[in-house]
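A.B. asks: Starting off with a structure, shown below.
The values are calculated or read from the model by the stated rules, or taken from the named source; none is laboratory data. All figures in this text were calculated on a predicted structure; none of them were measured in a lab. Methodologically, a virtual Cβ is constructed for each residue, glycine included, from the backbone with ideal geometry; neighbour enumeration extends over all protein chains shown.
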Amino acid sequence: MSNKKLYSIGTFSKITGLSPDTIRFYEKKDLIHPEHGPRQLRQYTDAHVDHVALLLRLKAAGFTLDEIHTYTNYRGQGPETIPTRLRLMREKVESLHEKQSDIEVSIKYLNEKMEFLKKQQQDNLIK
């Protein structure tokens, strides 16, 4: 008999911070694979908690759900996929650097525009 902890979807939701609807959505996206207990009720383990933590870290790093699915599929295949996973992460870092550059250009433009508008406002107050 196994001594691993099993969590209901409600408890799993509280532990992970994901709503039950989000958990079900992630299951439909094939990102979470619960065990099924009596009456086919979903059951989650500490390994599922750790897996959700990975999903959330990847999502926060800018991975889309499809990219997360691809990454976790490779991860599930074992250490021989490490080169592929490293490539996926390098590509994401490159993409984020491009977005960062675009954001910096936008911030510069907006700051310049605000200075222009402030000067225009000052000029109108003087008149």
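A.B. asks: Which one of these does Tyr74 not meet: (1) of a type outside the set (A, V, I, L, M); (2) surrounded by fewer than 16 Cβ atoms within 10 Å (Cβ to Cβ); (3) in a helix (DSSP H, G or I)?
C.D. replies: For Tyr74, the failing item is (2).
A.B. asks: Mind checking whether some residue in the stretch 109-124 is modelled with pLDDT of 95 or more and within 28 Å of His69 (Cβ to Cβ)?
C.D. replies: no
A.B. asks: Mind listing whichever residues of the stretch 18-32 are surrounded by 12 or more Cβ atoms within 10 Å (Cβ to Cβ) and closer than 30 Å to Asn3 by Cβ?
C.D. replies: Within the stretch 18-32, Leu18, Pro20, Thr22, Ile23, Arg24, Tyr26, Glu27, Leu31, Ile32 qualify.
A.B. asks: Taking the condition surrounded by 15 or more Cβ atoms within 10 Å (Cβ to Cβ) and touching a strand residue (DSSP E or B) at 6+ places or on another chain (Cβ under 8 Å), does Ile68 pass?
C.D. replies: no
A.B. asks: When Glu80 is evaluated against the numbered criteria (1) surrounded by fewer than 10 Cβ atoms within 10 Å (Cβ to Cβ); (2) of a type in the set (D, E, K, R); (3) under 23 Å from the mean Cα position of the chain (by Cα), which criterion, by number, is the only one it fails?
C.D. replies: Tallying (1) surrounded by fewer than 10 Cβ atoms within 10 Å (Cβ to Cβ); (2) of a type in the set (D, E, K, R); (3) under 23 Å from the mean Cα position of the chain (by Cα), Glu80 fails exactly one: (3).
A.B. asks: Which of (1) surrounded by 14 or more Cβ atoms within 10 Å (Cβ to Cβ); (2) farther than 25 Å from Leu96 by Cα; (3) at pLDDT 95 or above does Asp46 not meet, given it meets every other one?
C.D. replies: Unmet for Asp46, out of (1) surrounded by 14 or more Cβ atoms within 10 Å (Cβ to Cβ); (2) farther than 25 Å from Leu96 by Cα; (3) at pLDDT 95 or above: (1).
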